[in-house]
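Structure, as structure tokens:
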């Protein structure tokens, strides 16, 4: 059997994506397979072009499998080409609606590895409900609008948030700087002052920290003190980022989402070696950090 060669496409724009790369590389070394990591810009076009270039290589240089997290669309046409070419296809952090059809037509390993982003949003909503039982206004920093994880996390939060909680949403790009810019613009325009913000929540930890930085930079006096005393919440919960920020008091809580690229490498290698399809979607379980019941309500 020829050596298994995998390609991981990654937009390494935050600590979670860096952890994804580290987890995949660790699994590849342990399993004795080649892993080539290709860093791409945050562009659906660039991602699509890179995938097509890989699939159009001569058969002897074509990868055994491609692992990626969709930047925009889930690349349905490229997926069909991969399946028909015998290139394993692994989608990270997203379920795709074309998976069942292609798994039924081709023996090529074809699956996704994800957490339930709706559940991530629900956990964050439960954290907020615990912290602010009296309701109020939540300043909420989302990821890109074309990202399924972003829309699903918002849906999960909306499904469990208190009825007396208003959500004021800002857009980010999963980076600290994008959230810092969005919140600073909001502060400069005075939009935040028109509402009594009771908490700030972001769809990942670095955006929550970016929001906090903006408030440190653009507020002073009693306003500064008020902002620094409201809850800040994030997601991802990596030990060196989100969990550390909770322990040091920069964040009040986070949602731990285990990096899943290592699990994906293990599953695709097993599928290639055995010829058996794994489950259509392999799930990891998010958890609250700290536990929701340990959070102290704000009055």
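Computed from the coordinates by the stated procedures, all read-outs in this text should not be read as laboratory data. Please read these numbers as outputs of a predicted model, since none were measured by experiment. Here Cβ is always computed from backbone atoms with ideal geometry, including for glycine, and neighbour counts include all displayed protein chains.
Legend: calculated FRET efficiency, residue 285 to residue 229, from the Cβ-Cβ distance at R0 = 35 Å, rounded to 0.05, equals 0.65.
Over the chain, DSSP H runs of length four or greater, each weighted -39,500 (n - 2.57), average out per residue to a 222 nm ellipticity of -13500 deg cm²/dmol. Stretching residue 30 away from residue 216 to a fully extended chain increases their span by 62.6 nm, per 0.36 nm per residue minus the current alpha-carbon distance. The share of Cα pairs per 10 Å bin across the range 212-299, counted from zero up to the longest distance, runs 14, 32, 23, 16, 10, 4, 0 percent. Residue exposure proxy: 266, 34, 166, ordered by other Cβ atoms within 10 angstrom of their Cβ from fewest to most, comes out as 34, 166, 266.
Oblate is the label for the range 1-63, because a/c, from the alpha-carbon gyration tensor with a ≥ b ≥ c as root eigenvalues, is 1.5 or above and a/b does not exceed b/c. Sorted ascending by nearby beta carbons within 10 Å, beginning with the fewest, 62, 57 become 57, 62.
Report D for the range 122-238 in µm² per second (integer): Stokes-Einstein, Kirkwood Rh on Cα pairs, 25 °C, 0.890 mPa s. Stokes-Einstein gives a translational diffusion coefficient of 175 µm²/s. Over the chain, Cα pairs under 8 Å with separation of 6+ residues give a relative contact order of 21 percent. Per the Kirkwood formula applied to alpha carbons, the range 37-110 shows a radius of gyration over Rh ratio, Rg over Rh, of 0.93.
Normalised by the number of residues in the range 108-221, the mean separation of alpha-carbon contacts (under 8 Å, six or more apart) gives a relative contact order of 31 percent.
With the chain treated as a Gaussian network of Cα nodes joined by springs under 10 Å, which of 255, 265, 167 yields the largest mean-square fluctuation? Maximum fluctuation in the GNM of the chain, among the listed residues, is at 167. With both residues required to sit in the chain, DSSP beta bridges show an antiparallel share near 5%. By the beta-carbon count within 10 Å of each Cβ, the least crowded to most crowded order of 87, 200, fewest first, is 87, 200. Based on every Cα atom in the chain, Rg and the maximum pairwise Cα distance Dmax equal 20.6, 68 Å.
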